[in-house]
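Visitor: Take a look at the following structure, please.
The values are calculated or read from the model by the stated rules, or taken from the named source; none is laboratory data. All values derive from a computational prediction rather than experimental measurement. Note that we place each Cβ from the backbone using ideal geometry, even for glycine, and neighbour counts take in every protein chain shown.
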Amino acid sequence: MNQSNKKNLEFIKNSGVTYFLQDSPRNWFEDNKKNHKQHVINGDNDKILNINKVIDSIKSHQTPLQKSSKKLVVYDGTLNAKVMFIGEAPGKDEDEKGIPFVGRAGQLLNKMLKAINLNREDVYITNVVNWRPPDNRTPTDEEILEFLPFLQKQIDIVDPKFIFLLGGVAAKAILSTPLALGKLRGKWHEYKSLKLNKTIYTIASYHPAFLLRSPQYKKASWEDLQMLQKKLNDD
């Protein structure tokens, strides 16, 4: 890890973020030229300007993950989304195209969205880590912390009403907990930001890639999606 990354991690840790050692989820926020192809660029001018600044910041941030990646992958969808879907990190297909969730897992995510009457154009889709890890490995705790400030800034810009976490990495990053996904899903959690004067209701569920490998969990995933659909219908 270079000196810049060490300073970044130290700053985050000094701001009150630890290595996910809590026994239960907690709410916290560290106050702190696109090269990806977007399907939808939808949002007011301030949001577009601010998201471009975040993208430039990620591009200029030096990380070893750049060496194993081809393209930066930030987001797809609309900046005016009510729901933000957060995954883990880009895979091979995403790395090729510079768009999150475009491979087999992305196709399943599209079907999941349609099942609750949503389209990709209706939501904001991103990942915890924006560069592909070598061999599609799971991001390390240090990498999660390294990219977490960029993710938090995206949440502040989009200002969604709901967050849907896809997989254990996203749950660990946003809920700051080591608890297994099975103990986190099926209930609503709260995400709070110092920059947003509101609570964002958050649910953790299984990553589409995991569902492709373990289809027996699709029923539980559907239950989580229905919880989101009910919130949207009641909103």
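Visitor: Out of Lys13, Lys33, which single residue is outside any loop (DSSP other than H, G, I, E, B), at pLDDT below 50 and either over 30 Å from Lys230 (Cα atoms) or touching a helix residue (DSSP H, G or I) at 6+ places or on another chain (Cβ under 9 Å) (or both)?
Guide: Only one candidate passes the filter, namely Lys13.
Visitor: Within the range 58-84, can you find the residues that are among the small types (Gly, Ala, Ser) and within 17 Å of the chain's Cα centre (by Cα)?
Guide: Within the range 58-84, Gly77, Ala81 qualify.
Visitor: If only one of Pro208, Pro215, Pro160 is of a type outside the set (Val, Ile, Thr) and either surrounded by fewer than 17 Cβ atoms within 10 Å (Cβ to Cβ) or modelled with pLDDT under 95 (or both), which one is it?
Guide: Only one candidate passes the filter, namely Pro215.
Visitor: Let me ask you something else. Among the residues in the range 135-147, are any within 20 Å of Leu181 (Cα to Cα), of a type in the set (Val, Ile, Thr) and under 13 Å from the mean Cα position of the chain (by Cα)?
Guide: Yes, the range 135-147 has at least one match.
This table checks each residue for (1) part of a loop (DSSP other than H, G, I, E, B); (2) buried (at least 22 other Cβ atoms within 10 Å of the Cβ).
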| residue | (1), (2) |
| --- | --- |
| Thr126 | no, yes |
| Trp131 | yes, yes |
| Thr138 | yes, no |
| Lys153 | no, no |
| Lys172 | no, yes |
| Glu190 | no, no |
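Visitor: Which of the residues spanning the range 66-104 are out of contact with any strand residue (DSSP E or B) (no Cβ under 7 Å at 6 or more places or on another chain) and closer than 18 Å to Leu228 by Cβ?
Guide: Answer for the range 66-104, where residues must be out of contact with any strand residue (DSSP E or B) (no Cβ under 7 Å at 6 or more places or on another chain) and closer than 18 Å to Leu228 by Cβ: just Asn80.
Visitor: Filter the range 218-235 for residues that are of a type in the set (D, E, K, R) and loosely packed, with under 11 Cβ neighbours inside 10 Å; which is modelled with the lowest pLDDT?
Guide: Asp235
Visitor: Ok, one more. Please work out which one of (1) modelled with pLDDT under 95; (2) surrounded by fewer than 16 Cβ atoms within 10 Å (Cβ to Cβ); (3) closer than 30 Å to Ser69 by Cβ is the condition Ser176 fails and give its number.
Guide: With respect to (1) modelled with pLDDT under 95; (2) surrounded by fewer than 16 Cβ atoms within 10 Å (Cβ to Cβ); (3) closer than 30 Å to Ser69 by Cβ, Ser176 is out only on (2).
Visitor: For a quick check of your reading of the model, give me the residue pairs whose first member lies in the range 65-88 and is in a loop (DSSP other than H, G, I, E, B), whose second is buried (at least 22 other Cβ atoms within 10 Å of the Cβ) and hydroxyl-bearing (Ser, Thr, Tyr), with beta-carbon atoms closer than 7 Å and at least 6 apart or on different chains.
Guide: What qualifies is Val74/Thr126; Thr78/Tyr124; Leu79/Tyr124; Ala81/Tyr124.
Visitor: Scan the range 100-107 and give yes if some residue there is exposed (fewer than 15 other Cβ atoms within 10 Å of the Cβ) and over 15 Å from His207 (Cβ atoms), otherwise no.
Guide: Restricting attention to the range 100-107, the residues satisfying the condition of being exposed (fewer than 15 other Cβ atoms within 10 Å of the Cβ) are 104, 107.
Still in the list and also over 15 Å from His207 (Cβ atoms): none.
There is no residue in the range 100-107 that is exposed (fewer than 15 other Cβ atoms within 10 Å of the Cβ) and over 15 Å from His207 (Cβ atoms).
Visitor: Within the range 133-177, count every residue that is farther than 16 Å from Asn197 by Cα and of a type in the set (D, E, K, R).
Guide: The number of residues fulfilling the criteria is 7.
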